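K.L.:
A single structure is presented below for examination.
Taken together, the values in this text are just the output of simple stated rules run on the coordinates, not laboratory data. What you see is a predicted model; the values in this text were computed from it and never measured. Every residue, glycine among them, receives a Cβ derived from its backbone with ideal geometry; neighbour counts consider all protein chains shown.
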Amino acid sequence: MSEPIIELKHVDAGYPGVTILRDVTFDVMKGEVFILLGGSGCGKSTVMKHMIGLNPVLSGELRLAGLEWSAKTRAALCRKIGVMYQSGALFGSMTCLENVLLPLEEFTRLKGAERVERAMMLLDDVELADAAHKLPHEISGGMRKRVAIARAMALDPDVVFLDEPSAGLDPITSSALDDLILKLKTETGKTFVVVTHELPSIFKIADRCAMFDKARHGMIALGTPAGLRDGSKDPFVLKFFNRGEIHGK
Amino acid sequence: MAGIFESVGRWTVNGWRSQRANMAFLGETVCEAMGMVVHPRRFRFADSALAFQRAAFDGLPISTGIGFLLGVILAFQSAAALQMFGVEVYVADLLAIGLFRELGPLVTAIILAGRSGSAFAAEIGTMKVDEELDALTTMGLPPVRFLVLPRVVAAVLAMPVLTIFAELAGLVGGAIVLQMMNVPTVVFWRHVEATTSVFMISFGLAKGALFGLLVGLVGCSAGMRTSSTADGVGAAATSAVVGGIVAIAVTDGILAVLCYVWQL
């Protein structure tokens, strides 16, 4: 975890005409689980959309693996990232296996049988080999998210982005998903950037987190979850983490 | 008064933005289509075949049925007038020219806009709401290549198939009506044969394919521009049907003028 893989310097985040966060500066280090944290509507998903190249930053500098998002670098940068969206975003007309096969078919020179073998291995990693031939609507929300993680990992990306992995899941399924993220991190050494506001997940999986505040339109804290909980003097940070502790007891 | 200016201004700005988005979509589609010519293996044949099946085969009963009724109605309406002169047999000529040149492609295209244009918009719109378009984009797969081109190609190929069936059904309808008016079916078909030409039929089918292109593009464009609100997909489907029919009508008008000028 020595060198940064994502660098944000004085980034203004938002959409044309709407600035949600101002002057955001932080680095994500290789091999860490980095959490984008904050209340609803604070702009954490917007920051992730900038990181994955869906929206350009309003100002400032955002580099992924040393490159800024542009028409020239898009193809190269897309190969370096894998994304799991909040809904899973699996293609409804394809089976789970076909969803995982899609990036392999489009971007690798593997032969048919090799592709299937690799896709089945990925599904096995997320413990869903049995559901390979099911359509997304035939499996649960938690399973869909796991298939989406397998698809995100298909091209062996450097960074995996997970948008609200716990959203809409019961605590047991959510905890199992956290275990899966930790397992993948340990086994693959990849960098994970996770958008969430679920405190149990944060304390379980995060190496570091950046916290955003809607009212102040900016990043208000950066550090380890325990460090923020115990060391921050910011009333919003304290309130956020204490609320979590009370719920946790 | 200020409200009127504000409304006109907003309408103008929104219209400009919409047209700019349409132009950008068209440009991207043309670029991707040219890319397909260079790399045909990248084209998603299976997706296109599925869209063709839904647009052509599933749409065959409705377009054939409407074509048949169109022939029956036209025959009855025109026979009433032509009977006064004792030349009801010319209903066959009227039907052949009307269906092959104009009504066959036009009515079929309107049916396609209602069935498949709206379906394209709803499918792609739902995918957008479910973040599937974002997923494609971040995988490095252009949604236009993946979703739009297969559907547009399917619509272009489906239209001639649907059109020819609608036209033949219309002629059968007309033949039945004239049979009831004591015009032998053989005479009816001889008149049809004498009136039509390969060029006339080909022109109608080519026009149908052009209408299919418009329906596909308008439907997919509406889907790609779906907003993420609750009524976004419904609005996109409506926009696809209305936009598709307007595009068909305008293009047909332009073609009618050109045919008159060039005496086709």
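K.L.:
Can you give the average number of partner chain beta-carbon atoms within 10 Å of each beta-carbon in peptide A:90-102, as a whole number?
P.N.:
The shielding value for this peptide is 2.
K.L.:
Extending each Cα 7 Å along its Cβ direction at A:Ser140 and A:Met121, get the distance between those two points in nm, one decimal.
P.N.:
2.9
K.L.:
Return one number: the angle in degrees, 0 to 90 and rounded to the nearest 10, between the long axis of the Cα atoms of helix B:198-224 and the longest principal axis of the Cα atoms of chain B.
P.N.:
Its long axis makes an angle of about 30 degrees.
K.L.:
Go through A:Lys49/A:Lys111; A:Lys49/B:Lys128; A:Lys145/A:Lys185 and tell me which ones have a Cα-Cα distance over 25 Å in this structure.
P.N.:
Over 25 Å apart, Cα to Cα: A:Lys49/A:Lys111.
K.L.:
Let me ask something else. Can you give the FRET efficiency to the nearest 0.05 for A:Ala226 and A:Ile172, using r as the Cβ-Cβ distance and R₀ = 30 Å? Please list the in-between numbers first.
P.N.:
Numbers: r = 24 Å, r/R0 = 0.80.
Rounded to the nearest 0.05, the efficiency is 0.80.
K.L.:
Can you check how the C-alpha radius of gyration of the range A:1-133 compares to 2.2 N^0.38 Å, as a plain ratio?
P.N.:
The range A:1-133 yields a ratio of 1.23.
K.L.:
A further question follows. Report the rotationally averaged projected area of the range B:158-260 based on its alpha-carbon convex hull, in square nanometres. Walk me through the numbers before you get to the answer.
P.N.:
Numbers: hull surface 35.1 nm².
Answer in nm², one decimal: 8.8.
K.L.:
Let me ask something else about it. What aspartates and glutamates could a cross-link reach from A:Lys233, if we take a straight Cα to Cα line under 16 Å and drop same-chain neighbours fewer than 8 places away?
P.N.:
Cross-link targets: A:Asp213.
K.L.:
For A:Met29, list long-range residues whose amide hydrogen, built 1.01 Å from N in the peptide plane, is under 5 Å from its own amide hydrogen.
P.N.:
A:Ile5
K.L.:
Under unit Cβ charges (Lys, Arg +1; Asp, Glu -1), what dipole magnitude, rounded to 20 debye, does the range B:2-262 have relative to its Cα centre?
P.N.:
Its charge dipole is roughly 380 debye.
K.L.:
Work out Dmax and Rg for chain B from the C-alpha atoms and quote the Rg first, both in angstrom.
P.N.:
21.5, 70
K.L.:
Taking amide H positions as placed 1.01 Å from N in the peptide plane, with prolines and chain starts having none, which residues 5 or more places from A:Ile20, or on another chain, fall under 5 Å of its amide H?
P.N.:
Those qualifying (amide H under 5 Å, at least 5 residues apart or on another chain) are A:Ala13, A:Gly14, A:Tyr15.
K.L.:
Next question, about the same structure. At 20 °C and 1.002 mPa s, what whole-number value in µm²/s does Stokes-Einstein give for the translational diffusion of the protein assembly as shown, with Rh from the Kirkwood sum over Cα pairs?
P.N.:
Answer, rounded: 82 µm²/s.
K.L.:
Tell me, what is the percent relative contact order of chain A, built from C-alpha pairs under 8 Å that lie six or more residues apart?
P.N.:
Averaging sequence separation for qualifying contacts and normalising by length gives 25 percent for chain A.
K.L.:
Which chymotrypsin sites (Phe, Trp or Tyr not before Pro) in the range B:55-114 sit in a loop by DSSP (not H, G, I, E or B) and have at most 11 other Cβ atoms within 10 Å of their own Cβ?
P.N.:
Taking the range B:55-114 and a limit of 11 other Cβ atoms within 10 Å, the loop chymotrypsin sites (Phe, Trp or Tyr not before Pro) found are B:Phe85.
K.L.:
May I pose another question? List the residues whose amide H sits under 5 Å from the amide H of A:Ile220, counting only those 5 or more places along or on another chain, with H placed 1.01 Å from N in the peptide plane.
P.N.:
Those qualifying (amide H under 5 Å, at least 5 residues apart or on another chain) are A:Met211, A:Phe212, A:Asp213.
K.L.:
If neighbour count is taken as other Cβ atoms inside 10 Å, put B:Asp252, A:Asp163, B:Asp58 in order from fewest to most.
P.N.:
B:Asp58, B:Asp252, A:Asp163
K.L.:
Could you put A:Leu21, B:Leu168, A:Leu180 in order, starting from the residue whose Cβ has the fewest other Cβ atoms within 10 Å?
P.N.:
B:Leu168, A:Leu180, A:Leu21
K.L.:
How high is the relative contact order of the range B:2-262, given as a whole-number percent (alpha carbon pairs under 8 Å, six or more residues apart)? Working shown, then result.
P.N.:
Numbers: 357 pairs, mean separation 79.7, N = 261.
It comes to 31 percent, rounded to a whole number.
K.L.:
Using every alpha carbon pair in the range A:4-248, what percent of pairs falls into each 5 Å bin from 0 up to the bin containing the largest distance?
P.N.:
Final binned percentages: 1, 6, 14, 18, 19, 16, 13, 8, 4, 1, 0, 0.
K.L.:
Using the count of nearby Cβ atoms within 10 Å as a rough guide to exposure, how do B:Arg41, B:Arg20 rank from fewest to most?
P.N.:
Listed from fewest to most nearby Cβ atoms, that is B:Arg41, B:Arg20.
K.L.:
For A:Lys204, which aspartates and glutamates qualify as cross-link partners when the Cα separation must be under 19 Å and same-chain residues fewer than eight apart are set aside?
P.N.:
Reachable aspartates and glutamates: A:Glu32, A:Asp163, A:Glu164, A:Asp170, A:Asp178, A:Asp179, A:Glu187, A:Asp230, A:Glu245.
K.L.:
Now for a separate question. Summarise the partner chain shielding of B:121-131 as one whole number: the mean count of Cβ atoms from other chains within 10 Å of each residue's Cβ. Present the calculation step by step, with values, prior to reporting the outcome.
P.N.:
Working: counts 0, 0, 2, 0, 0, 1, 4, 0, 1, 9, 9.
The shielding value for this peptide is 2.
K.L.:
If each of B:Leu50 and B:Ala2 carries a label point 7 Å out from its Cα toward its Cβ, how far apart are those two points in nm?
P.N.:
So the two model labels end up 5.4 nm from each other.
K.L.:
Using a basic spin-label model with each label point 7 Å from the Cα along Cα→Cβ, how many nm lie between B:Leu60 and A:Lys111?
P.N.:
3.9
K.L.:
Given a Förster distance of 51 angstrom, what is the FRET efficiency for B:Cys31 paired with B:Thr185, based on the Cβ-Cβ distance and rounded to 0.05?
P.N.:
E(calc), rounded to 0.05, equals 0.50.
K.L.:
Still on this structure, I have one more. Considering only DSSP beta bridges with both partners in the protein assembly as shown, what is the antiparallel share in %, to the nearest 5?
P.N.:
Percent antiparallel among DSSP bridges in the protein assembly as shown is about 50.
K.L.:
Okay, next question. Counting only helical runs of four or more DSSP H residues, what would the 222 nm mean residue ellipticity of the protein assembly as shown come to if each run contributes -39,500 (n - 2.57) and the total is spread over all its residues?
P.N.:
After summing the helix terms and dividing by residue count, I get -19500 deg cm²/dmol.
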